[in-house]
Amino acid sequence: MDFVFTPYSLPVLLGGVGAAAIAFYGWGRRTRAGRLFAAFAFAGAVWAAAYFLEISSASLAAKLAWARIAYLGISLVPLAWLTFALQYTGRERSLRPDLLALGLAVPAVLLILVFTNHRHGLVWSDPRLDTSGPFTALASEPGVAVWVFAAYAHGVILLGISLVLLGAVRAPSLFHGQALVLLSHS
């Protein structure tokens, strides 16, 4: 695989390294909330790392391969955020294994569709290299699965944000700043 450095990839790389460092730190906290936040950060790190490699790749085949890998992180970010928000706000009773398995259904279906997209085009169609910008990008037409997942992801992330906001309002003022920092990274 040929890689082409572009200055536009540097912020993505730094974001991915930062997310990986946060994941490592969160995992070391040994609390359930810390580990759930680490999962959220790790999913973001996978997404950023794969996107860095996608925009640094020269060929269409390599860009598509890295885009598929990026979906491993993309698909898990919303659910990881929601599970962390539930734990952080004291609603851990909602984190039952059966509900988590149900929550994993949408990301699992999306990943199946991503890795079989060449057969149905439900995730993207007409993939091509776009050279009109400052770097060669992967361009495609989004499929119906992208729009369905986007609606799901935005709803789940909004639910997590709402839980953290509600928790911050009910918490002593000492914790308001902590909630704002969390929300600035969601």
Q) Within the set of pairs 6 or more residues apart or between chains, which connect a residue that is in contact (Cβ under 8 Å) with a residue 12 or more places away in the chain and on the phi < 0 side of the Ramachandran plot inside segment 108-122 to a residue that is among the aromatic types (Phe, Trp, Tyr) and outside any helix (DSSP H, G or I) with Cβ atoms less than 7 Å apart? A) Asn117/Trp124
**Q.** Residues of segment 138-160 classified as more than 20 Å from Gly44 (Cβ to Cβ) and either touching a Ser or Thr at 6+ places or on another chain (Cβ under 8 Å) or of a type in the set (Phe, Trp, Tyr) (or both), total
**A.** 4
**Q.** Subset of segment 129-174 that is surrounded by 15 or more Cβ atoms within 10 Å (Cβ to Cβ) and hydroxyl-bearing (Ser, Thr, Tyr) - its residue that is farthest from Tyr71 (Cα to Cα)
**A.** Thr136
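I'd like the full set of residues that are aliphatic (A, V, I, L, M), surrounded by fewer than 22 Cβ atoms within 10 Å (Cβ to Cβ) and in a helix (DSSP H, G or I), limited to segment 56-75.
Leu60, Ala61, Ala62, Leu64, Ala65, Ile69, Ala70, Leu72 - these are the residues of segment 56-75 that are aliphatic (A, V, I, L, M), surrounded by fewer than 22 Cβ atoms within 10 Å (Cβ to Cβ) and in a helix (DSSP H, G or I).
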Q. Can you name the number of the only condition in (1) in contact with a Gly (Cβ under 9 Å, 6 or more places away or on another chain); (2) of a type in the set (Gly, Ala, Ser); (3) surrounded by 20 or more Cβ atoms within 10 Å (Cβ to Cβ); (4) in contact (Cβ under 8 Å) with a residue 60 or more places away in the chain that Gly90 fails?
A. (3)
Q: Go through Ala85, Ala23, Ala70, Ala62 for me and flag whichever is at pLDDT 95 or above, closer than 27 Å to Gly155 by Cα and of a type in the set (A, V, I, L, M).
A: Ala70
Q: Could you list, in sequence order, all residues of segment 11-33 that are over 17 Å from the mean Cα position of the chain (by Cα), surrounded by fewer than 12 Cβ atoms within 10 Å (Cβ to Cβ) and in a helix (DSSP H, G or I)?
A: Gly28
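The values are calculated or read from the model by the stated rules, or taken from the named source; none is laboratory data. Not measured: the values here are computed from a predicted model. Here the Cβ is made from the backbone with ideal geometry for all residues, glycine too, and neighbour counts use every protein chain on show.
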